[in-house]
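Quick notes on the structure that follows.
The values are calculated or read from the model by the stated rules, or taken from the named source; none is laboratory data. Keep in mind that this is a model prediction, so the values were computed, not measured. Cβ placement follows ideal geometry from the backbone for every residue including glycine, while neighbour counts extend to all protein chains displayed. The protein model used for the area step is the full one, side chains on, heavy atoms only, and it has no ligands, DNA or RNA in it. Shrake-Rupley method; radii C 1.70, N 1.55, O 1.52, S 1.80 Å.
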Amino acid sequence: MKTEISIEFFPPQTPEGLEKLRTTRQKLAELKPEFFSVTYGAGGSTRERTFAVVKEIAAEGFDAAPHLSCIGSTRESIREILAEYKEAGIRRIVALRGDLPSGMAETGEFRYANELVEFIRAETGNHFSLEVAAYPEWHPQARSPKDDLEAFARKVKAGANSAITQYFYNADAYFHFVDEAKALGVDVPIIPGIMPIVGFTKLARFSDACGADIPRWMRKKFESFGDDSDSIKAFGLDVVTELCERLLQGGAPGLHFYCMNQAALTTEICRRLG
Ligand code: FAD
């Protein structure tokens, strides 16, 4: 059976970055993803760039899913964005709370992602298919795992169709999360987010910030490679492919790749998965 995959991009800041992303997209299109999603900067900082990439993807005939975060926004500004996307023929949105950009103190008219999901449903009915974020290793600001799980269930009950997880390297965390979510009555697909490993130092820093655990055995091994980027890449490919295999064997309904606007690793992992 074909595994459904989706692939995430960030909107580039330069014309060269945009051109490179077009080439990346052409290569990744060979994997026949269900959709390409495009991230949205904190506080709406990439609003125009996200929209521009989304429109290009849609014009190429792919299903494009803009991410949309609500913290720091007004209802009116979200309403405008929804109208733009509707007019552009977009049918899927990744609905998030997001994080306040540094220096911004006002949370705006939305506090949590479930309020955004509710708002989108109230404004646009079933026009958009809505994805929300899930955290198998828990969101870093969550008061407790129980609270986080309940917050997740609230987002789904507010009208999400599907969820994409934060990346993780421990398959058991995912299976545990899915079991607990099911026990709370969540019955939408929970797609694991997969982060291919390009380099270790940056990944370690980023993982600390977003609360994703790099298991000790992996960390020690990456550290032992020092600057040997070929060994880091080779080991990274092995562990991430094995993770995907375990997830799919255990019933994961698809894979969402955080490809970091690069085609090679995602393509190689999918090739190895067959
Ligand atoms: P929420 O679901 O609102 O949860 C945020 C926190 O609040 C959690 O700790 C939750 O437990 C808690 N919470 C929820 N409801 C309540 C309540 N009623 N009372 C008390 N606590 C509550 N960030 C970007 O800036 N741009 C992107 O494009 C982007 N894309 C992402 C895509 C995916 C698949 C994922 C997993 C994350 C993405 N992020 C993105 C990161 C995300 O914005 C951050 O993790 C953010 O801190 C939380 O957003 P959320 O939608 O998960 O928030």
- Taking segment 5-273, the lysine pairs whose C-alpha atoms sit under 17 Å apart (8 or more places apart or on different chains) add up to 12
- Query: Along the charge dipole of the chain, which of TYR40, LEU243, PHE222 sits closest to the positive end, that is, farthest toward it, with unit charges on the beta carbon of Lys, Arg, Asp and Glu (+1, +1, -1, -1)?
  - Reply: LEU243
- So which GluC sites (Glu not before Pro) in segment 43-120 end up in coil per DSSP with only 13 or fewer other C-beta atoms within 10 Å? GLU60, GLU106
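Lys and Arg at +1, Asp and Glu at -1: add these up for the other residues within a Cβ distance under 14 Å of VAL53 and post the number.
Neighbourhood net charge equals -1.
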- How large is ³J(HN,Hα) for each residue in segment 58-70, as worked out from phi by the Karplus curve 6.51 cos²θ - 1.76 cosθ + 1.60 (θ = phi - 60°), to whole Hz, x for Gly and Pro? 5, 5, 7, x, 9, 6, 10, 10, x, 7, 9, 10, 10
- With every protein chain kept in place and a 1.4 Å probe, segment 69-142 has an accessible area per residue in Å² of 48 Å²
- Message: I need the phi-derived Karplus couplings for segment 25-34: 6.51 cos²θ - 1.76 cosθ + 1.60, θ = phi - 60°, integer Hz, Gly and Pro marked x.
- Response: 5, 4, 5, 6, 4, 4, 7, 6, x, 5
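Share of segment 122-180's accessible area from carbon and sulfur, percent, 1.4 Å?
46 percent
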- Distant-in-sequence amide H partners of SER129 (H built 1.01 Å from N, under 5 Å): ARG92, ILE93
- Note down the magnitude of the dipole of the chain about its Cα centre, charges +1 on Lys and Arg C-beta and -1 on Asp and Glu C-beta and zero elsewhere, to the nearest 20 debye. 160 debye
- Note on the structure: In a Gaussian network model of the chain with springs linking alpha carbons closer than 10 Å, the residue among ILE214, ILE164, ILE93 that fluctuates most is ILE214
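Loop only per DSSP, at most 16 neighbouring Cβ atoms within 10 Å: give me the trypsin sites (Lys or Arg not before Pro) in segment 77-137, ordered by residue number.
Filter output for segment 77-137: ARG91, ARG111.
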- Message: Could you work out how much longer the chain between LYS86 and LYS157 gets when fully extended? Use 0.36 nm per residue separation minus the Cα distance between them, nm to one decimal.
- Response: 23.3 nm
- For segment 248-255, 3J(HN,Hα) per residue [Karplus equation, 6.51 cos²θ - 1.76 cosθ + 1.60, θ = phi - 60°, Hz, x = Gly/Pro]: 5, 4, x, x, 4, x, x, 9
- Counting sequence-distant residues (5 or more places) and residues on other chains, those with an amide H built under 5 Å from that of GLY41 are THR46, ARG47
- For ILE191, which sequence-distant residues (separation of 5 or more, or a different chain) have an amide H within less than 5 Å of its own amide H, given hydrogens modelled in the peptide plane? ALA163, ILE164, THR165
- Please give the contour-minus-distance gain from MET104 to ASP147: 0.36 nm per residue of separation, less the Cα-Cα distance, rounded to one decimal in nm. 12.9 nm
- Once the Cβ-Cβ distance between GLN26 and ASP228 is put in as r, and R0 is 35 Å, what FRET efficiency do you end up with, to the nearest 0.05? 0.70
- In Å², what does the accessible area per residue of segment 190-274 work out to with a 1.4 Å probe? 50 Å²
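For segment 5-273, what is the convex hull volume of its Cα atoms per residue in Å³?
So the per-residue hull volume is 132 Å³.
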